[in-house]
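One structure is given below, encoded as structure tokens.
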Amino acid sequence: MTTAIDAQFWDRISRKYARDAIADQAGYERSLERTRALLGPDDHVLELGCGTGSTALRLAGDVHRYLATDLSAGMIEIAREKYAAGPVPSLTFQVGTAEASVLEVGRYNAVLGFNYLHMVRDVPTTLARIHALLAPGGLFISKTPCLGDMNPLLSHVLLPVMRAIGKAPYVSVFKQADLCERVVSSGFELLANEDHATRGGMRRPFIVARKR
């Protein structure tokens, strides 16, 4: 499988994804407010894996520039529809990934990746790219499932079967401790590793790291 196939999967389910309710609304709101408190009015922010743009639309008004990207053209189309219904002047949506050549190295005061890192195929390489995109002292803010800490039947049985029949995209399996170690080894100082969940057993740590 390739990222092009991943994009096709998300394009195919984008409208259904947009209709689905957030599984843990209270946990999402906590992460949103925590993130907002870390951003400043002069910041240039990059969001990776923005999906249908809900988070971007809520945060972009608090910063100078906010570029929200996703590899799925279908997701970005929906995000732009939402934007048209309630424009935020500082916000731009763009199809792309962390590796896109148009992204400026050393430009961003914050890079956000919510429900993102477990979807990339090479986590260390992506973290290195995020580090390069950040300005000195910039923040990487992440919240993503750590499937290695959950029921092994999910990662070793259910997900492979669902991928085989086209019902799931590529998913990286790692533990929370391993993710934190990878972040630090990519040149970051770990500032926060928090649990914002209010329901269920989903291990989805909220991580804040500063570029060293």
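Which of rounded, prolate or oblate describes segment 53-212 when judged by the alpha-carbon gyration tensor and an a/c cut-off of 1.5? Intermediate results must be reported in sequence, preceding the final value.
Numbers: a/c = 1.68, a/b = 1.22, b/c = 1.38.
Judged from the Cα gyration tensor, segment 53-212 comes out oblate (a/c at least 1.5, b/c at or above a/b).
Work out the charge dipole of segment 1-119 with +1 on the Cβ of Lys and Arg and -1 on the Cβ of Asp and Glu about the Cα centre, then indicate which of THR55, GLY40, PHE114 is farthest towards its positive end.
It is THR55.
On the accessible surface of the chain, probed at 1.4 Å, how many percent belong to carbon and sulfur atoms? Don't skip to the end; give the middle numbers.
Numbers: 5610 of 10210 Å².
It is 55 percent, rounded to a whole number.
When the helix-only estimate is applied to the chain (DSSP H runs of n ≥ 4, each -39,500 (n - 2.57), divided by the residue count), what is the mean residue ellipticity at 222 nm, nearest 500 deg cm²/dmol?
Values: 7 runs with 77 residues, N = 212.
Counting only the DSSP helices, I get -11000 deg cm²/dmol.
Can you sort LEU139, LEU59 by 1.4 Å-probe accessible area, starting with the largest? Intermediate results must be reported in sequence, preceding the final value.
Values: LEU139 25, LEU59 0 Å².
Heavy-atom accessible area, descending, gives LEU139, LEU59.
Amide H neighbours of PHE114 under 5 Å, at least 5 residues apart or on other chains, H built in the peptide plane: list them.
Excluding prolines and chain starts, which carry no amide H, the hits are LEU48, LYS143.
In debye, nearest 20: dipole of segment 84-206 around its Cα centre with unit charges on the Cβ of K, R (+) and D, E (-)?
Working: 11 positive and 9 negative charges, 80 e Å.
It comes to approximately 380 debye.
Give the lysines reachable from LYS82 as a straight Cα distance under 21 Å; neighbours fewer than 8 places away on the same chain don't count.
Straight-line reach from LYS82, under 21 Å: LYS16.
Place a +1 charge on the Cβ of each Lys and Arg in the chain and a -1 charge on the Cβ of each Asp and Glu, then give the dipole magnitude about the Cα centre in debye, rounded to the nearest 20. Before the final figure, lay out the partial values.
Details: 25 positive and 22 negative charges, 61 e Å.
Taking the Cα centre of the chain as origin, the dipole is about 300 debye.
Can you list the lysines whose alpha carbon sits under 16 Å from that of LYS175, skipping same-chain ones fewer than 8 residues off?
Filter leaves LYS143.
Averaged per residue, what accessible area in Å² does segment 57-135 show with a 1.4 Å probe, protein chains only? Please report the intermediate quantities before stating the final value.
Details: 3300 Å² over 79 residues.
Here the residues of segment 57-135 average 42 Å² of exposed surface.
The values are calculated or read from the model by the stated rules, or taken from the named source; none is laboratory data. As the structure is a prediction and not an experimental result, all values here were calculated from the model. Ideal geometry is used to build each Cβ from the backbone, glycine not excepted, and the neighbour counts take in all protein chains shown. Note: accessible area is taken over every heavy atom of the protein model, side chains too, but ligands, DNA and RNA are not part of it. Shrake-Rupley method; radii C 1.70, N 1.55, O 1.52, S 1.80 Å.
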